[in-house]
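One structure below.
Computed from the coordinates by the stated procedures, all read-outs in this text should not be read as laboratory data. Note that the coordinates shown come from a computational prediction; the quantities given were computed from them, not determined experimentally. Ideal geometry is used to build each Cβ from the backbone, glycine not excepted, and the neighbour counts take in all protein chains shown.
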Amino acid sequence: MAYIKERGENTYLVRITIGTDGHGKPIQKSRTFHPSKAKLPKTKLRKELNAFVEAFESEYRNTDNSHYKSPSPQPDSVSAPEVLPPALIQPMPGIIQNNDIPTFGEFCVEYKRVKQKMLSPTSWELYEKILSKYYIPMFGNLPINEIRPIHVQRVIDFFSSPIGRTDGKGHLLAPPTIRRYLTVLQSVMTLAYKQEYIETNPADTRRLEIPKIVTPEVEAFSDEEIKSILSALDEEPLNVRALIATALFTGARRGEIVGLKWDDVDFKEKQIFIRRTIIKLKDMPAIEKLPKTVSSIREIAIPELLCSILSEYKKMQDDKIALLGEKWFCGNYVFTEFDGHVMNPQTPTKQFDHFLKRHGIRHLKFHGLRHSSATLLLSHGTDIKTVSKRLGHTSIDTTNIYVHALKKTDKAAADCFDRFAKT
């Protein structure tokens, strides 16, 4: 495999690797190439360069290099879930390079430097995990401009096979998960394209066959189940009642609810303001960050019932603060740990799971309360633009996942015509 760098007009440095020494270090040889004529057309220049490289490499293939170790051959397939498919990283022959091209692994160092400050902490944690677990072992030693669509397609095929799932949680990775993994590679290659290390993006979806995503119908509680939830809340401790009621009546995301402070609750105007969210990374304390998007910073009108629950809950919390005194952490959070510190974002999920089991209600994730809030409003006549704003969606297109809820409203509209015709 040759590395070629243009050195001034009509001069090129050619470097080849002929093997490795006893310590695994590459053995390289260099030679200068001059084209037969100045300003040759690119096709003829490529032909002469390829011929020069072939002769250069052939010279060392025909020489006794027994004291060198040749690069070990790559196996053709993956035999166990723990083993990544090294066949994906086979170099492509005959590539002409006019710059010092980094390997994929080397470029990832630059990618991380650029992207870490641009992605949210949770997204960055996922990106770094996928790069380290999959792509760097697969492509790490390959010059980044030698990655081709066929390589990326093999990655997709690997993720789509039983051996592509290594967590033991199922038979195959779901198509949305495979797409999420591919997004990480696309992000790396897009930056390489912007920095002119590659001329085309091998991870462009137009050049790949990707598993299709079948959008599942949103899971939400029915009107009857919501009535059961509200009835069961009367039997719950006030902190659990306040948490679940806030999720149902606002449709806010879990991190947004945990991030609420009492300054965000306007009892007089019956509004809640979403100004922050709480995230928790592995082995790190929970921290505040801005909401998901600009649209996520919003105000939400709340019903009198929620105002009453939160008012009662605040009084209980104030009594606890007076009792604990200096032992209470004054962060002014609505939902807290026992000592006033911000609640772990995982806690609402656990509390809701236990709540559903205690009362024999169908299990949905805590996020199902957000879906249920939107579905309830839409099915009872609230316009989709208002629901979209309450949820903090960037566009109504996102809110359209709840379009099934409009069937009930559409049926009511049809009934209206029947009533009109009979008058």
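Details
- Cα-Cα over 32 Å, subset of 115/314; 280/315; 44/212; 39/117; 270/292: 115/314; 44/212; 39/117
- Three-way shape label, segment 233-325, alpha-carbon gyration tensor, a/c 1.5: oblate
- Segment 157-189 residues near the modelled residue 205 label - backbone nitrogen below 18 Å, point 7 Å along Cα→Cβ: 157, 159-160, 174-189
- Computed with the Debye formula from one identical point scatterer per Cα of segment 256-301, without solvent, the log10 of I(q)/I(0) at q = 0.18, 0.20, 0.25, 0.29 Å⁻¹ comes to -0.55, -0.65, -0.88, -1.04.
- In nm, spacing of pseudo-spin labels at residue 315 and residue 157 (7 Å Cα→C-beta vector): 6.9 nm
- Its convex hull of Cα atoms gives segment 114-271 a direction-averaged projected area, equal to a quarter of the hull surface, of 14.5 nm².
- Cβ-placed point charges (K, R +1; D, E -1), dipole of segment 123-192 about Cα centre in debye, nearest 20: 160 debye
- Stokes-Einstein diffusion coefficient of segment 200-269, Kirkwood radius over Cα pairs, 10 °C, 1.306 mPa s, in µm²/s: 98 µm²/s
- For the residue pairs 261/389; 289/327; 129/282; 289/320; 112/194, alpha carbon separations beyond 19 Å are given by 261/389; 289/327; 289/320.
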